[in-house]
Every structure is written in structure tokens, then in C-alpha cells.
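Participant: I'd like to ask some things about the structure below.
None of the figures in this text is laboratory data; all of them are computed from the coordinates on show. Model, not experiment: these values are computed from the prediction. No Cβ is skipped: glycine too gets one built from the backbone with ideal geometry, and neighbour counts run over all protein chains shown.
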Amino acid sequence: MAGVTVGSKLAELCGIICVNKPAGFTSFDVIAKMRGILKMKRIGHAGTLDPMATGVLPVFVGRAAKACDILPDHNKTYRAEFRLGVTTDTLDSTGNTVSENDIAVSRTELLAALENFRGEITQIPPMYSAVSVNGKRLYELARRGVNVERPERKVTVYSLELLDYNEESRSGTLEISCSKGTYIRTVISDVGDVLGCGGIMTSLVRTKACGFCLEDCVTIERLQKAAEDGGDFSHFLKPIEDVFAAFPALHLKGAQERMYRNGIKLDLNKIRISSEAERVRVYGESGFIGTALPDRKNGVLKVERNFYL
């Protein structure tokens, strides 16, 4: 498994462990749990999930944590259950009920409303969210009963499909693929507003993130068991290079590799990369090193992030 370092010491671990986040845990709770299981501090994650949500949470271990802020694929896919005819202060079933009604909504009406939420849309982040306004987390203000104006943000919904819908209970399931920063409960609430009846999210599963899916995930319980059985996590680790797989590979040898590892910018005229490449995966004779950016204005290859030196 190229790009994954596994040794007798847990501190040597480097790679990605995709966790199936359990309900009731915050993303930070998962990281705290992982630090205890792996006995290491350098751990990060990609894409915060609400406590009620479950599903794909890529956890970046060791040097792989340096990739969290340069990930090329921030798109996510979710399966969300919803109920129309009710609103809450959190926009989901965990909150306090604000209103209820008996307004009937047909499948045809719902499908027509969903048409408004495909492509680029604007959202106002919910008060119960981790977004910061003037240095304060919105959920902290919401818990104190403070409601502040939040700026709209643009997000993209790549696909939005109604998987099922029961007209009698006004409940159903959506599958949504979207860009980073999209609030699914806000989508559902806004759909309810268009229909004039309101709506809340009743469950949420993230099925894809950063190119990984549920089938790639492991439970915290399995990781805990692995720790108790001797601490071999190698079969759970995925190579850090996997998240950069869409970019062309550059293989260096000899003097070029030594220069690169020493931080020297390479002459673009002396290496083979596509003229269209905006980022490359860099490999040495021992495997994956990191990512680099072609600076065509100055004719050099600049190190972006190195994971193995």
C-alpha cells in the first residue's frame, strides 16, 4: 500500500481512516476518541457532521493531517429523511417545535418545489450551526436565545432526488450531492417554506465524502477492538495520495529527487508534466512524497505540501 507508513509504533501511522460516525457524536468527539485509540495527537478530519448525523467522516492520521486544508474534492453526498408540516428551532427533529399544520402536499407539488434547489443556490446558515459571526459560534448564541443576522452564502447542489415520499405522513427521503458548506436541513426547511407548510430533517447519513463511501468506513468499535488486540491498524489505513488521485503523477529520480526533497524549486523545462496540470502528485524512488504546484510564470515547480521526506 503505497504512501502508508505502518510500523511498530503508533506514532508512525500516516494515512486516512474513514470512520462511520455514530449518531450522538460530534466530529470533534470522533477525533478525541481516535486520539485515545491511536495514542497520538496529530489527527484531523474532513467535513464536520452534526451530532444527529451518521456516515462517512475521513480521519487524517499523522502527517496526513497536513492535507486537510488542501483537499481537492470537498463534495459530499447525503441521504436525508424529512417530514413536512412542522418546523423547529434547529430545523431538524432534535429541536423544539415552533409550528405544526395539516397542509396537504402531493408528490407532484413536492417534486415541483425541489426544482428550485438544484444548481447554485443561496442559503442562510441555521442559528444552530458552527458558523462564526463576529467571532461567536452561532450555536453558542442560539443556546442563549440570541438570534443574529447571518449573511447568505452560495452553495451548489449537483443532484437532488426524491427517493420516496408518503403523502399521508408527509415524510420521505432525499438523496443530495452538494458542495462544501451546504446545510441539508436548510435545504429541507427552505423546500418546506416554498410549499407553505415548513419541514424538518429527521435523519441524515453522509454516504460519500472526499471520494470515499460508506463501504470504505470502519466503526469506532472495530478500531477500539483493533487497539485492544495489539494495535495493528494497517488494514484500515488508506494512502494519503488517494485524495489527490485526480492529479497527474510526477516521478523524480536521482538528483532531481534530492533537490526536490531539499526544497529546491525544479525547472519546469527539465521535468515532464502536462501543460494543463495545475497540481501534481510527486513520487520519488521510494514512493509518494507529496503535492506540488507548477508556477509557469516563473518556470518552476513549487512544493505545495510534502508528507514524506
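Participant: Which of the GluC sites (Glu not before Pro) found in the stretch 154-245 are in a DSSP loop and have at most 11 neighbouring Cβ atoms, other than their own, within 10 Å?
Facilitator: Glu168
Participant: If we count other beta carbons within 10 Å of each Cβ, what is the order of Lys66, Lys270, Lys302, fewest first?
Facilitator: Ordered from fewest to most neighbouring Cβ atoms within 10 Å, Lys66, Lys270, Lys302 come out as Lys270, Lys302, Lys66.
Participant: Quick check: Cα centre of the stretch 291-308 to Cα centre of the stretch 49-85, how many Å?
Facilitator: Cα centroid of the stretch 291-308 versus Cα centroid of the stretch 49-85: 28 Å apart.
Participant: log₁₀ I(q)/I(0) of the chain at q = 0.13 Å⁻¹, via Debye over equal Cα point scatterers, no solvent, to two decimals?
Facilitator: -0.99
Participant: Looking only at Gly85, Gly211, Gly263, which one moves most when the chain is put into a Gaussian network model with springs between Cα atoms under 10 Å?
Facilitator: Gly263
Participant: Between Val146 and Glu278, how high is the FRET efficiency from 1/(1 + (r/R0)^6) when r is the Cβ-Cβ distance and R₀ = 45 Å? Nearest 0.05.
Facilitator: 0.55
Participant: Give the value in nm², to one decimal: projected area of the alpha carbon convex hull of the stretch 247-306, averaged over all directions.
Facilitator: With the hull built on Cα positions only, its mean projection is 3.6 nm².
Participant: Between the stretch 153-167 and the stretch 106-120, what's the alpha-carbon centroid distance in Å?
Facilitator: Taking the Cα centre of each part, the stretch 153-167 and the stretch 106-120 sit 8 Å apart.
Participant: OK, next. State to the nearest 20 debye the size of the charge dipole of the chain about its Cα centre, where the only charges are +1 on K and R beta carbons and -1 on D and E beta carbons.
Facilitator: Dipole of the chain, to the nearest 20 debye: 1800 debye.
Participant: So, one more: Length gain on complete extension for the stretch Asn116 to Arg35, per 0.36 nm per residue less the alpha carbon to alpha carbon distance?
Facilitator: 24.9 nm
Participant: Along the positive direction of the dipole of the chain (beta-carbon charges: Lys, Arg +1; Asp, Glu -1; about the Cα centre), which of Gly36, Gly287, Gln224 reaches farthest?
Facilitator: So the residue furthest toward the plus end is Gly287.
Participant: Still on this structure: Thr156 versus Asn269, label points 7 Å from Cα toward the beta carbon: distance in nm?
Facilitator: For the pair Thr156/Asn269, the computed spacing is 3.7 nm.
Participant: What percent of all Cα-Cα pairs in the stretch 76-208 falls into each 10 Å bin, going from 0 up to the bin containing the maximum distance?
Facilitator: 13, 44, 34, 8, 0
Participant: Ok, one more. If amide H atoms are built 1.01 Å from N in the plane of the peptide, which residues on other chains or at least 5 residues away come under 5 Å of the amide H of Ala249?
Facilitator: The answer is Arg281.
Participant: 5 Å is the cut-off here: which amide hydrogens, built 1.01 Å from N in the peptide plane, fall below it relative to Phe288, excluding neighbours closer than 5 in sequence?
Facilitator: Result for Phe288 returns Gly3.
Participant: With θ set to phi - 60°, apply the Karplus curve 6.51 cos²θ - 1.76 cosθ + 1.60 along the stretch 38-52 and write out the HN-Hα couplings as whole Hz, x wherever there is a Gly or Pro.
Facilitator: Values, residue by residue: 8, 6, 8, 9, 7, 9, x, 9, 10, x, 5, 10, 5, x, 6 Hz.
Participant: Next question. Taking a ≥ b ≥ c as the square roots of the eigenvalues of the Cα gyration tensor of the stretch 200-309, is the shape rounded (a/c under 1.5), prolate (a/b larger than b/c) or oblate?
Facilitator: oblate
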